[in-house]
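Novice: Dropping a structure here in structure tokens format, bear with me for questions.
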Amino acid sequence: RNTRLSGLSQAVKQRDCRRRSPAARPSDPMKLLIVAAGLLASVGATYSTYEPTCTKDKCYVKGPKTTPGEHPGPKMISVCESVPHIGPNPHVAVPTSEEENDAAFHECGYSLIGLTDDGPSQEGTFYDVNTGQTVYIDHPKQSFQFTKWKHGQPNDYGHNGQDVVKFTSHGKWEDVNEWYEYKVCCAYDNKRCVEETGVCFAQGPKQKCEDGSPPGSNYRPACKQMFGDDWQVAVPQSEDENDEAYKACGDWSFIGILDLKWDAQDVWFNLNDFSAVSDGPDCVENTYCNWLHGQPNGWNQHAAMFYDGAWADIEKWKKLPICCEYRPDGSEAPSAAPTPDPVSAAPTPADLCRDGITNNFENVCCAAECGLCGGCDCAHFGDPHGKGGPDFCCPGRIFENAIECVLSSDVGCILDDYVPFEPIGCH
């Protein structure tokens, strides 16, 4: 353990200096806390890191305590703008949907949100401290956007009244006295883009790297489900992209490369297109990679994450946010969609594998008797005396056999280019 801790400490010390904003420098106290938390996690200790809770459009983080006092809006905004490492457009959280409210309450707990009826409006007219727009009028009761008041709230209770709003149980809202001390729920926009290329990055949901064909195949669907079909798991391809992805997703977030030491090699693959990214710490020719000094170092760690702005390997069973990306294809859309020739059109995987089942990426056709194409125990699937076992149920063995599918009745064959991510059986 001491050797492991010393190694990671040395890796951070020897980190090459790259262009970063002052807020991201390791000398910052919050950054030092993050690094220390990461080092503890690497030796199996319980850790806590700066991990905001995000929706498609917003990320939420609990800000420090403050006493709002008279004219609370500017003071709360200032608190959120001062949060270390906060993302673009920092502001006080004002949930506009049930999803945003759940995320903000999950992250911030019993904290203030950005509503007040102190100011130019009359008592009982609550407005958004960030925009000045009216959100709710108490007399007569009228909401202009999403609200979630606790029953009987707001009530302006007490001699001095109550002019600010905080979360209470179950994420409901109540007005409270502005002269007490509370934490502030802060928010920022969940997207950062490289201006020159239009490539954008955002923090996705927390997931484990699930086993499958290949393991990690749950990353891409998670990004698509949260942001849309044009999104995938982030794999930075330049220094500028790495900087923006890191600013969007932060430390301890998965990126889209994976290593299963196939055939005893330490090759890391891009989960979006299955191309090789690096052989150990060495970048594949004409490919960008950004490993922290001394990384990847093995230790049964086959997933990759951001750490101090660079990449480090980590156990794939950790549940961490996925860093997602949108990457324009750079091509102009045709004026009209071409009509395919039904005679010359290439057969689809479904056409060729009509009598079998495909793996998740539809590049291998297994026998229907397998029940599942690939997986840790695939060598034991199907009929061991017929269409079963590794030759018909394991994409890795099928790839080794190098039999291409030609007829719709063919099984145990290759449909498309296949990158050997998974072992033949359990190891």
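The values are calculated or read from the model by the stated rules, or taken from the named source; none is laboratory data. Predicted, not measured: the structure shown is a model, and the values here were computed from it. Here Cβ is always computed from backbone atoms with ideal geometry, including for glycine, and neighbour counts include all displayed protein chains. These accessible areas exclude ligands, DNA and RNA; they are computed on the full protein's heavy atoms, side chains included. Shrake-Rupley method; radii C 1.70, N 1.55, O 1.52, S 1.80 Å.
Novice: So which lysines pass the test for Lys62, namely a Cα distance under 20 Å, with those fewer than 8 places away in the same chain ruled out?
Specialist: Of all the lysines, those that pass the test against Lys62 - Cα under 20 Å, at least 8 places apart if same chain - are Lys31, Lys75, Lys148, Lys166, Lys172, Lys183, Lys191, Lys206, Lys247.
Novice: Here is a further query. State the Cα centre-to-centre distance between the range 81-96 and the range 302-319 in whole Å.
Specialist: Cα centroid to Cα centroid, the span is 26 Å.
Novice: Taking the Cβ of Thr67 as the center, what net charge do the other residues with Cβ under 14 Å away carry, scoring Lys and Arg +1 and Asp and Glu -1?
Specialist: -1
Novice: Please report, as a whole percent, how much of the solvent-accessible surface of the range 367-408 comes from carbon and sulfur atoms (probe radius 1.4 Å). Don't jump to the answer; show the numbers that get you there.
Specialist: Numbers: 1290 of 2320 Å².
About 56 percent, which is the carbon plus sulfur part of the accessible surface.
Novice: Please give me, ordered by residue number, the GluC sites (Glu not before Pro) of the range 136-226 that lie in loop per DSSP and have at most 16 other Cβ atoms within 10 Å.
Specialist: Answer by residue number: Glu181, Glu195, Glu196, Glu210.
Novice: Now for a different question. Report the FRET efficiency, 1/(1 + (r/R0)^6), for Cys283 and Ser97, where r is their Cβ-Cβ distance and R0 is 51 Å, rounded to 0.05.
Specialist: 0.75
Novice: What dipole magnitude, in Debye to the nearest 20, does the range 119-165 give about its Cα centre under +1 on Lys/Arg Cβ and -1 on Asp/Glu Cβ?
Specialist: 200
Novice: Which value, to two decimals, describes the C-alpha radius of gyration of the range 172-213 once divided by 2.2 N^0.38 Å?
Specialist: Rg over 2.2 N^0.38 Å, computed on Cα atoms: 2.11.
Novice: At a Förster radius of 25 Å, what calculated FRET efficiency corresponds to the Cβ-Cβ distance of His385 and Asp355, to the nearest 0.05?
Specialist: Using R0 = 25 Å, I get an efficiency of 0.85.
Novice: What does the highest-first list of 305-318, 140-153 look like by mean Cβ count within 10 Å?
Specialist: My ranking of the peptides, most packed first, is 305-318, 140-153.
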